[in-house]
Amino acid sequence: MAELTYREAVGAAIAQEMRRDKSVVFLGEDVAAAGGVFKTTSGLLDEFGPERVKDTPISEQAIIGAAMGASMTGLRPIAEIMFSDFFAVCWDLVANQIAKTRYMTDGQCSFPLVLRSANGGGSRFGAQHSQSIENWAMAIPGLKVVAPSNSADVKGLLAASVRDPDPVMFFEQKSLYAIKSEVPDGEHVEPLGVARIARTGTDVTIAALAAMVPRALNAAEILQNEHGISAEIVDVRSLVPLDTKTILDSVERTSRLVTVEENPRLCGWGAEIASIVAEELFWNLDGPIIRVTTPHIPLPSADELEDAVMPSPEGIVQRVIGLVD
Amino acid sequence: MAELTYREAVGAAIAQEMRRDKSVVFLGEDVAAAGGVFKTTSGLLDEFGPERVKDTPISEQAIIGAAMGASMTGLRPIAEIMFSDFFAVCWDLVANQIAKTRYMTDGQCSFPLVLRSANGGGSRFGAQHSQSIENWAMAIPGLKVVAPSNSADVKGLLAASVRDPDPVMFFEQKSLYAIKSEVPDGEHVEPLGVARIARTGTDVTIAALAAMVPRALNAAEILQNEHGISAEIVDVRSLVPLDTKTILDSVERTSRLVTVEENPRLCGWGAEIASIVAEELFWNLDGPIIRVTTPHIPLPSADELEDAVMPSPEGIVQRVIGLVD
Amino acid sequence: MSKKNKEVSKSGKDRPSNASKAGATIDADTRIRLYRTMYECRVLEQRAYDLFMQNLVKGTSHLALGQEAVASGFGTAMRPDDYTFCTYRGHNHTYVRGVSMASILGELMGRECGLLRGKGGSMHLTSVEHGAMGSYAIIGAHLPVAAGAAWSAQYRGTEQVSVCFFGDGTTNIGAFHEALNFAVIWNLPVIFVCENNLYMEYTAIKDVTAVENPAADRAEAYGLESIVIDGNDVDVVYETAINVFAKAREGGGPSLIEAKTYRHGGHSRADPGKYRPDEELQAWLDRDPIPMYRERLIDLGIEESQLNEIESQCDAEIESATEEARNSPSPPIDIALIDVWADGGASWRN
Amino acid sequence: MSKKNKEVSKSGKDRPSNASKAGATIDADTRIRLYRTMYECRVLEQRAYDLFMQNLVKGTSHLALGQEAVASGFGTAMRPDDYTFCTYRGHNHTYVRGVSMASILGELMGRECGLLRGKGGSMHLTSVEHGAMGSYAIIGAHLPVAAGAAWSAQYRGTEQVSVCFFGDGTTNIGAFHEALNFAVIWNLPVIFVCENNLYMEYTAIKDVTAVENPAADRAEAYGLESIVIDGNDVDVVYETAINVFAKAREGGGPSLIEAKTYRHGGHSRADPGKYRPDEELQAWLDRDPIPMYRERLIDLGIEESQLNEIESQCDAEIESATEEARNSPSPPIDIALIDVWADGGASWRN
Ligand SMILES: Cc1ncc(C[n+]2csc(CCOP(=O)(O)OP(=O)(O)O)c2C)c(N)n1
Ligand SMILES: Cc1ncc(C[n+]2csc(CCOP(=O)(O)OP(=O)(O)O)c2C)c(N)n1
Ligand SMILES: [Mg+2]
Ligand SMILES: [Mg+2]
């Protein structure tokens, strides 16, 4: 097993898939010659050439539209949207066109494409470059939604996303790009729609995603060491398809659920999971379902302010203690 | 009290506010000379003239951008987006600019504007002209979100939206446009953020919005007459601000909650309300929280197909019986 | 049936001069095919209108009555594996690729025989089998998608061309601008065809556009040639199409064509189109592409009886297509819950 | 570069001829003001860079070192109640409206004295009090917003003008197209200023744009005059601004200006800008607007001592502003939870 940064795992996954399948092409702003503004795709232009690795103008509708048109005519494009906030300038192509056209055409068209983007806060970029928009995507029927928390999952899930016959929104948490962790050697593909128990526990289930996974793990350590509470951490990994089985099994065992979302409070994915558990496991629950989220505010830029509002290990610990005590 | 259609109530509210306040201006596609494609704004051009009632090109980003720029410099614009699905072509202006700029500027800018749109299904318009996107808006901090179910609320809440100092997304349910109901005479303004108990009941609380309110009321009649179940119907009316007090009070009394959403399943507003109740009223609940939604699919066009997938009174009745029995 | 078209110009009338030039290279069989195609489109959409008025078409419907020359001219010039991207006003564009009348009417009526079995409706006709890659109902979206299909063809080296039809109103939306620039810098085999019918829904394009020719006057902003053609003259349309297809297939890159035309009816549903001046409407009815072309064919020596024969065939076809669609059952309800995903399902959980 | 740059004035330097023409109408006080403003911008952003390298500016920062003539020329020509809309590369555009150096540096450093008390950061400088209506960080968004402010001024009859600054890369996004058309058809008092610094982030604009002058070559697509100016010559910028402001205030409608310029540094943060050829960078460093203008002023008879004096004043100003910002505390945490709504709150429920 090699250690790769989360950033390197992105490039490794794309390279793995481009080597395997000539129909995989890649486009985005500053992705080719410059290797991406987060340096996730350095080296791809050199290896695969300008026919397959393409720099675009600042035209997100054209980027996504091109990926859509190419995917429905035989290619498997990967498109990068630099910051996930910018999906707002091309949301029609994503939410109204790509997501709906298979259904509307009675299954005639397929859209095997991946839309990758840097998502989430913690980098002091301010409200328009820090959003966690995985819940925007989850709300749209027809999109698969993936958000990995570590390098191995980046590589395996991105590879699976490229191979998937449906459109996948692949959210990379930008504050994780520099983090190293182990990635299996050789070809690595991890199925979509399978959550991962990142830590086993017996008193409470904490469901988390992307950057919230290390924070939840951190909280679990504190809970164990300082409060004798045993938390099970579920890394949700894929919001669509959602591995409700793993989540429900865990809550059945622990009888308590806390979700930890980076997105602002209203209509986050945690609400969806909470509502599933409140319907399907109501009689097993030993207490209220708690959601830890960013407040329903845009993210501030200054470091102390941003840190104060995003879910923190300490904040998670407080909420869990309140629930379990 | 006069009887007005839901459609006429829209025009009546705009006219009432334009008469009162010269800073209110109105723009959109085909809204002036043609009076709107849903004929909601007929007569406004004649009464207020082409300086205040303006037809635009098919340029939704320019429409919303113009409303934003005008609102931050002294006007109170009302902008129409013809079908709410089209917010996807201008979502950046709505979600990233209008919603966030007051916060980002430390409160320097105000955006007293209203974005009106025809929302929802039931008119056989197919997947790109039938969405209920109130949950898209609810997910964005900085937007107020209103969706009336009857003519009086259209008039009162639209008037209040125009007077509100913050951006309001005002969703008109297009299948309700032709429905008549009573509207108070004279100036009518109804505060935002207050839910309405549309029917009192004791066994279960059903929270509904817009076109789902008459369906829920219909279901309540069947439940009462055929099953002896007394359902309380809460017309949520405003998703942001959300009148959690009225909802929680009702559930406290009935001990059971069913939400009826028109939007597709994942991350709908019902999930948010379910999660609030699952946290704050957990110990009062006598059973699981049930969400009735459209399945997580795009809406089909053919009438039988569309009717089969949207929440129906019969469907609501079935779910409530399952819960209360 | 094979009189040389030089004589066209002799017959005079208000026919643009480039029409007769076009005539010079179009053979009689093609002309007959162009006429038949236009006539078929006409009866198809007239029937759609009747069915709408009988409340057998629900929701909405956008007809291109009067604009048949554009669809027919381009459709006839296409290779079977070329791609068509069109709008909600796309019945003709879909039909000319070889889709049956019954499956179009069936879709409008939400019947099982419908092209999409009722899941898409009037605004979303698609037949991938015929290269009809979809009818798009949100203004502007399909321009970049058409560019994407052209990119794919270029990458795969197939010499397929992607053709994108849209209205005058579409030239003012952002996606138009992005797609045009994109297509040019990547030198894509895509043809953008603006059908300028002078109106958006109820608003005249001239009232909301900074230039006179909303597409052609912007061509230079993308380094493209400015091309305005008479969209009611099917010879002109056809010949223009042949030229830009050849250019695209040879690696000459994209083209933007503005075809001036007019819709005889309203924008959609039962819109009577009253916002249009009577004289304007009349002038365009006088330039109805179908009788205009009929007259030309007769001038060219084609037997009227042959045209009559074609017309009766089409009239019979539309009757049987209507019967087929009317007799088709409602789609099975369970198809509403399939085909969100490529595995055929709609499930978001395990 | 532009056709206007061909003649060389008698001083023998590569000064465009229209610059000396511009000189003819600009009085000495204004020239001094232009020089001082450019110099202030320069020291302000050099300091911002130093603070970034010391890790006192977090997140990101986009400098316009080398582009000071555009901000200074336009800023000096504005009326105090005009509106500025700019981008993340907007420190200078905000500063020239009268905002203090300390509040700008404080915002970059996330301090309480910051213009937005740390809630916006480097990319969102705004001072409504000074007509600086915001710095927008998603490409294209502010063009329609600036048009909206112009619409408001037109409706209120105030003769205010709205000025919108953006980069070359912004000309390829949809909002550019929509805003331009919209401004023209409503004849709005808005001035669109494209600062063409030849690059987007790390990609050259020429590699992704169908025309040579990404803004000016599109002016005609909106019925506008095509205007390219030397954005490094503050006289040219100032005089151009005076002209288009006068036109806008008289009801003459919008203008689009393309100002050719160059950023001396990278796109953002610590980008060394290595994707740019050395000779290109050197040629533009040789045309640095500040020494170029200094020389011209001396040629025109302004005492060098006066310029030295101005420079020392600015150098002192930036030191004290830096001290003020450094000494300012972190913002109180509770401001993170206010001002989502006009009532000052952030609550979504009762
Ligand atoms: C983004 C968007 N805005 C508005 C509409 C509503 N709409 C449907 S058709 C139409 C007019 C389009 O005009 P044009 O492009 O000229 O095409 P035509 O209908 O004349 O063929 C409008 C405004 C839409 N479908 N999508
Ligand atoms: C919609 C959108 N796409 C991409 C970006 C990322 N981005 C920020 S600045 C920039 C380059 C902009 O270039 P230009 O318009 O020339 O302005 P400059 O930075 O040169 O001043 C890009 C691509 C963005 N902020 N918004
Ligand atoms: Mg039109
Ligand atoms: Mg630039």
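The single condition among (1) touching a residue at least 12 places away in the same chain (Cβ under 8 Å); (2) more than 19 Å from residue A:25 (Cα to Cα); (3) more than 16 Å from ligand 1 (Cβ to nearest atom); (4) not aliphatic (A, V, I, L, M) that residue A:110 does not meet is (2). For the range C:338-350, a residue qualifies if it is more than 7 Å from every other protein chain (Cβ to nearest Cβ) and surrounded by 16 or more Cβ atoms within 10 Å (Cβ to Cβ), and exactly one does: C:338. Exactly one residue out of A:33, A:15, A:62, A:79 is assigned to a helix (DSSP H, G or I) and touching a residue at least 12 places away in the same chain (Cβ under 8 Å), and it is A:15. On inspection, residue C:137 does not qualify as crowded, with 24+ Cβ neighbours inside 10 Å and either more than 16 Å from ligand 1 (Cβ to nearest atom) or among the hydroxyl-bearing types (Ser, Thr, Tyr) (or both).
Could you list all residues from the range A:37-51 that are more than 8 Å from every other protein chain (Cβ to nearest Cβ) and surrounded by fewer than 24 Cβ atoms within 10 Å (Cβ to Cβ)?
As a first pass, look at the range A:37-51 and keep what is more than 8 Å from every other protein chain (Cβ to nearest Cβ): A:38-50.
Matches in the range A:37-51: A:38, A:39, A:42, A:43, A:44, A:45, A:46, A:47, A:48, A:49, A:50.
Within the range B:36-59, the set of residues being of a type in the set (Phe, Trp, Tyr) and without any contact (Cβ under 8 Å) to a residue 60 or more places away in the chain comprises B:48 only. Restricted to the range C:58-76, and to residues that are among the β-branched types (Val, Ile, Thr) and either part of a loop (DSSP other than H, G, I, E, B) or surrounded by fewer than 24 Cβ atoms within 10 Å (Cβ to Cβ) (or both), which residue is farthest from ligand 2 (Cβ to nearest atom)? Taking the candidates together, the pick is C:76. For the range A:246-325, the helices (runs of 4 or more DSSP H) that sit wholly inside it and include 3 or more residues that are more than 14 Å from chain D (Cβ to nearest Cβ) and either at pLDDT below 95 or farther than 30 Å from residue D:331 by Cβ (or both) are A:269-280. The number of residues in the range D:321-337 being at the interface with another protein chain (Cβ under 7 Å from one of its Cβ atoms) and either exposed (fewer than 13 other Cβ atoms within 10 Å of the Cβ) or within 16 Å of residue B:240 (Cα to Cα) (or both) comes to 0. When B:97, B:108 are checked against the criterion of being more than 19 Å from residue D:175 (Cα to Cα) and within 7 Å of another protein chain (Cβ to nearest Cβ), B:108 stands alone in meeting it. Of the residues making up the range C:166-202, those that are acidic (Asp, Glu) and within 16 Å of ligand 3 (Cβ to nearest atom) are C:168, C:195, C:201.
Quick one: is residue A:91 within 13 Å of chain C (Cβ to nearest Cβ) and outside any loop (DSSP other than H, G, I, E, B)?
Working: within 13 Å of chain C (Cβ to nearest Cβ): yes; outside any loop (DSSP other than H, G, I, E, B): yes.
Yes; evaluated as a whole, the condition is true for this residue.
Just one of the listed residues (B:175, B:161, B:151, B:132) is polar (S, T, N, Q), within 14 Å of chain C (Cβ to nearest Cβ) and either within 16 Å of ligand 1 (Cβ to nearest atom) or under 16 Å from the mean Cα position of the chain (by Cα) (or both), and it is B:175. Against the list (1) of a type in the set (S, T, N, Q); (2) over 30 Å from residue A:105 (Cα atoms); (3) not in a helix (DSSP H, G or I), the condition residue C:347 fails is (2). Failed condition for residue D:322, given (1) of a type in the set (Ser, Thr, Tyr); (2) part of a loop (DSSP other than H, G, I, E, B); (3) in contact with a helix residue (DSSP H, G or I) (Cβ under 9 Å, 6 or more places away or on another chain), with all others met? Status for residue D:322: all satisfied but (2).
Within the range C:89-137, restricting attention to residues that are assigned to a helix (DSSP H, G or I) and of a type in the set (S, T, N, Q), the residue that is nearest to residue C:52 (Cα to Cα) is C:122. Only a single criterion out of (1) over 25 Å from residue B:15 (Cα atoms); (2) more than 10 Å from chain D (Cβ to nearest Cβ) is not satisfied by residue B:103, namely (2). Would a scan of the range C:196-208 turn up a residue that is crowded, with 24+ Cβ neighbours inside 10 Å, of a type outside the set (A, V, I, L, M) and under 18 Å from residue D:178 (Cα atoms)? No, the range C:196-208 contains no residue that is crowded, with 24+ Cβ neighbours inside 10 Å, of a type outside the set (A, V, I, L, M) and under 18 Å from residue D:178 (Cα atoms). For the range B:195-236, filtering for residues that are within 19 Å of residue B:144 (Cβ to Cβ) and touching a Lys or Arg at 6+ places or on another chain (Cβ under 7 Å) leaves 3.
Test residue C:131 against the stated conditions and say whether it is more than 8 Å from chain A (Cβ to nearest Cβ), touching a Ser or Thr at 6+ places or on another chain (Cβ under 8 Å) and within 16 Å of residue A:73 (Cβ to Cβ). Give the derivation first.
Numbers: more than 8 Å from chain A (Cβ to nearest Cβ): yes; touching a Ser or Thr at 6+ places or on another chain (Cβ under 8 Å): yes; within 16 Å of residue A:73 (Cβ to Cβ): yes.
When the stated conditions are applied, residue C:131 passes them.
Taking only the range C:295-312 into account, find how many residues are exposed (fewer than 13 other Cβ atoms within 10 Å of the Cβ) and free of Cβ contacts under 8 Å to residues at least 60 places away in the same chain. Explain how you work it out, then say what you get.
To start, the set of residues in the range C:295-312 that are exposed (fewer than 13 other Cβ atoms within 10 Å of the Cβ) comprises C:303-305, C:308-309, C:312.
Now drop any that are not free of Cβ contacts under 8 Å to residues at least 60 places away in the same chain, which leaves C:304-305, C:308-309, C:312.
Of the residues in the range C:295-312, 5 are exposed (fewer than 13 other Cβ atoms within 10 Å of the Cβ) and free of Cβ contacts under 8 Å to residues at least 60 places away in the same chain.
Going through (1) surrounded by 24 or more Cβ atoms within 10 Å (Cβ to Cβ); (2) within 14 Å of chain A (Cβ to nearest Cβ); (3) outside any helix (DSSP H, G or I) one by one, residue D:86 falls short only on (2).
The values are calculated or read from the model by the stated rules, or taken from the named source; none is laboratory data. Since this is a predicted model, take the numbers as computed values, not measurements. Here Cβ is always computed from backbone atoms with ideal geometry, including for glycine, and neighbour counts include all displayed protein chains.
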